[in-house]
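This report concerns only the one structure given below.
The values are calculated or read from the model by the stated rules, or taken from the named source; none is laboratory data. Please read these numbers as outputs of a predicted model, since none were measured by experiment. Positions of Cβ are backbone-derived with ideal geometry, glycine not excepted, and every protein chain shown enters the neighbour counts. Calculation scope for accessible area: heavy atoms of the full protein, side chains included, ligands and nucleic acids excluded. Shrake-Rupley method; radii C 1.70, N 1.55, O 1.52, S 1.80 Å.
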Amino acid sequence: MKTKTKKYAWQLKDIIMIGILGVLFALIYLGSFYLSMGLQAALTPFGLAPFNFEIVYGVWFMAATVAAFIMQKPGVALVTEVLAAFLELLMGNFPLVITTGLVQGVGLELGFAVFRYKRYDLLSMCVSATFACILSFIWTYFTNGYAALETGMLAAMFAVRLGTSLLFAGLLSNLLGKGLARTGVLKGYPAGAKYARQDIMDDEEEAA
Amino acid sequence: MKSINPSWKLIGILVPIVILAFFYNITLNLVIFGASLVVLAFSRIKWSTALKVMIPVAVLAVGMYMTGAKFHAGANIGVGAGNALLSNAAFENGLQLGSRVLAFAGFGLLFIMTTDMMELVRSMEQQLRFPAKFVYGLLAAFQILPNMQQEYRKTKAAFWARGVYPVPVSPKLLVPLMVKAVRWSEALAAAMESKGFDEKAGRTIYHPIVMRPADYAFPFLTTGLLVLGLLFL
């Protein structure tokens, strides 16, 4: 039934899928954010409150790296991140998320672009997470006025953000993408073709 | 505020925010926050909702104040950190960071409290010419939100019933949800297309959103006011 579509053309189901992924990870982010509000209250007297959102920052990037892994074509990471930002706005977040989403999206896209959109694996996802982390940190450096902060503190915050970016958007996204591909629902996508022949035995060994 | 075209309101809020990010001015920050509240006072908004939004903002502002006061550029962490808190520079630095949060929140409140989000989406299609595929795809995904929340609870309950207690971000929990995401997207796209959704066909508009001169003027007004503020405060 498949009509010949251009390699880079967006189909309606692709757009809805990245949108729903955006919704899913926005929920995860909000959940972890509210959980960490308690932590923030505890950290405030020590002046360490920003670590509260730094430790969950990587969750922001997950939808984009997962979507890029699934569809494996240029532009996916950027579009996903911007769409996710618009969804956040619809959910009642402040308009600032749009610019943040754009900056992060460019970073995420760069990560796959340096591999000329040929690699969609743990390495490229980690590189993508790293770029997103660097660009988003530069952006928060301005919006949050971090120039007023001590260098040691800045370095610590950057290190934490880099760590969670790699953990969530790199490692966890990779696991999720592979897990999803193995279930067989991605038959219509490049990632599905790559992991379809994986034996069910592999899955059970990993789970054990 | 409520009657301004949503897309142009968004632009009129985003441009000043981006400019403001590059300046440090405590007075201006506080003036922006105050002015936003004054405008809101004349906009007939639901204050209970606004207060709910302000709680995390207030927590964040206090948090940033403490961070700015304790770890200001040039301070030594540890030695003398207690004294640094009392110094003038530390106080100012904390205020600098805390007031920024308030200024951004003021802009944010101004937008979200006076904008109907469906109107925003419609206006993105009509005024900003976003492709219909993206506009309606976005709406379809947005409407999945309650289903996704329910699905999350169901999946968690299913694991609990088996005596498995996965952490909130565990792949065990997320992979079934992502399977749902793919399935739903296919079903929704099929449903829309089977009922005649076509990107290329001409569309009629059910809720036309009109543009008036005031709408075009809004971004220039906000940006102009901000530049004046930067010059004189």
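Select from region A:168-192 the residues that are modelled with pLDDT of 90 or more and either more than 8 Å from every other protein chain (Cβ to nearest Cβ) or more than 28 Å from B:VAL179 (Cα to Cα) (or both) and list them in ascending order.
Selection gives A:ALA169, A:GLY170, A:LEU171, A:SER173, A:ASN174, A:GLY177, A:LYS178, A:ALA181.
Using the structure shown, decide if A:LEU108 is within 13 Å of chain B (Cβ to nearest Cβ) and either open to solvent by 40 Å² or more (accessible area, probe 1.4 Å) or not in a loop (DSSP other than H, G, I, E, B) (or both).
The answer is no for A:LEU108.
Take region B:84-97 and flag every residue that is part of a helix (DSSP H, G or I) and open to solvent by 10 Å² or more (accessible area, probe 1.4 Å).
B:ALA84, B:LEU85, B:LEU86, B:ASN88, B:ALA89, B:PHE91, B:GLU92, B:ASN93, B:LEU95, B:GLN96
Are any residues in region B:29-56 aromatic (Phe, Trp, Tyr) and under 27 Å from A:GLN40 (Cα atoms), and if so, which ones?
B:PHE33, B:TRP47
Those residues that are in contact with a Pro (Cβ under 8 Å, 6 or more places away or on another chain) and either within 14 Å of another protein chain (Cβ to nearest Cβ) or part of a helix (DSSP H, G or I) (or both), I need them from region A:111-162; list them, please.
Passing the criteria: A:PHE112, A:ALA113, A:ASN144, A:MET157.
Identify all residues within region B:180-194 that are surrounded by fewer than 18 Cβ atoms within 10 Å (Cβ to Cβ) and within 24 Å of B:ALA158 (Cα to Cα); write none if there are none.
The answer is B:ARG183, B:ALA187.
Sort out which residues of region B:118-130 are open to solvent by 10 Å² or more (accessible area, probe 1.4 Å) and either without any contact (Cβ under 8 Å) to a residue 40 or more places away in the chain or more than 19 Å from B:GLN143 (Cα to Cα) (or both), and write them in order of number.
Correct list: B:MET118, B:GLU125, B:GLN126, B:GLN127, B:LEU128, B:ARG129, B:PHE130.
For A:SER165, work out the one condition from (1) on the phi < 0 side of the Ramachandran plot; (2) within 11 Å of chain B (Cβ to nearest Cβ); (3) surrounded by 19 or more Cβ atoms within 10 Å (Cβ to Cβ) it doesn't fulfil.
Looking at each condition in turn, A:SER165 falls short on (2).
Could you pull out the residue among B:GLN126, B:GLN149 that is under 29 Å from B:VAL39 (Cβ atoms) and either basic (Lys, Arg) or modelled with pLDDT under 95 (or both)?
Sole residue among the options that is under 29 Å from B:VAL39 (Cβ atoms) and either basic (Lys, Arg) or modelled with pLDDT under 95 (or both): B:GLN126.
Please report, ordered by residue number, the helices (runs of 4 or more DSSP H) entirely within region A:1-94 with at least 1 residues that are open to solvent by 40 Å² or more (accessible area, probe 1.4 Å).
A:12-43, A:59-71, A:76-90
Output the number of the condition that A:ALA155 fails; it satisfies all remaining conditions of (1) closer than 30 Å to B:ILE26 by Cβ; (2) open to solvent by less than 30 Å² (accessible area, probe 1.4 Å).
Here A:ALA155 meets the rest and fails (2).
One line per residue, one yes/no per condition, for (1) open to solvent by 30 Å² or more (accessible area, probe 1.4 Å); (2) within 14 Å of another protein chain (Cβ to nearest Cβ):
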{"site": "B:ASN5", "(1), (2)": "no, no"}
{"site": "B:LYS9", "(1), (2)": "no, yes"}
{"site": "B:VAL15", "(1), (2)": "yes, yes"}
{"site": "B:LEU20", "(1), (2)": "no, yes"}
{"site": "B:THR27", "(1), (2)": "yes, no"}
{"site": "B:PHE33", "(1), (2)": "yes, yes"}
{"site": "B:ALA41", "(1), (2)": "yes, no"}
{"site": "B:LYS46", "(1), (2)": "yes, yes"}
{"site": "B:ALA50", "(1), (2)": "no, yes"}
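Can you find, within region B:195-208, the residue that is modelled with the highest pLDDT among those that are exposed (fewer than 10 other Cβ atoms within 10 Å of the Cβ) and not aliphatic (A, V, I, L, M)?
B:LYS195
Which residues, counting only those in region B:59-72, are more than 7 Å from chain A (Cβ to nearest Cβ) and open to solvent by less than 50 Å² (accessible area, probe 1.4 Å)?
B:ALA61
Of all residues being part of a helix (DSSP H, G or I) and open to solvent by less than 10 Å² (accessible area, probe 1.4 Å) in region A:95-105, which is nearest to the other protein chains (Cβ to nearest Cβ)? Just the residue, please.
It comes out as A:GLY101.
Hand me the list of helices (runs of 4 or more DSSP H) wholly inside region B:1-78 holding 3 or more residues that are in contact (Cβ under 8 Å) with a residue 60 or more places away in the chain and within 18 Å of A:TYR141 (Cα to Cα).
Output list reads B:6-20.
I'm trying to understand the selection: among the residues of region B:109-166, which are touching a Pro at 6+ places or on another chain (Cβ under 6 Å), among the polar types (S, T, N, Q) and within 30 Å of B:VAL210 (Cβ to Cβ)?
Answer for region B:109-166, where residues must be touching a Pro at 6+ places or on another chain (Cβ under 6 Å), among the polar types (S, T, N, Q) and within 30 Å of B:VAL210 (Cβ to Cβ): B:THR115, B:SER123.
Starting from region B:173-201, take each residue that is facing another protein chain (nearest Cβ under 7 Å) and under 19 Å from A:TRP10 (Cβ atoms) and list its partners that are open to solvent by 20 Å² or more (accessible area, probe 1.4 Å) and part of a helix (DSSP H, G or I), counting only C-beta distances under 6 angstrom and pairs at least six apart or across chains.
B:SER185/A:LYS13; B:GLU186/A:LYS13; B:ALA189/A:LYS13
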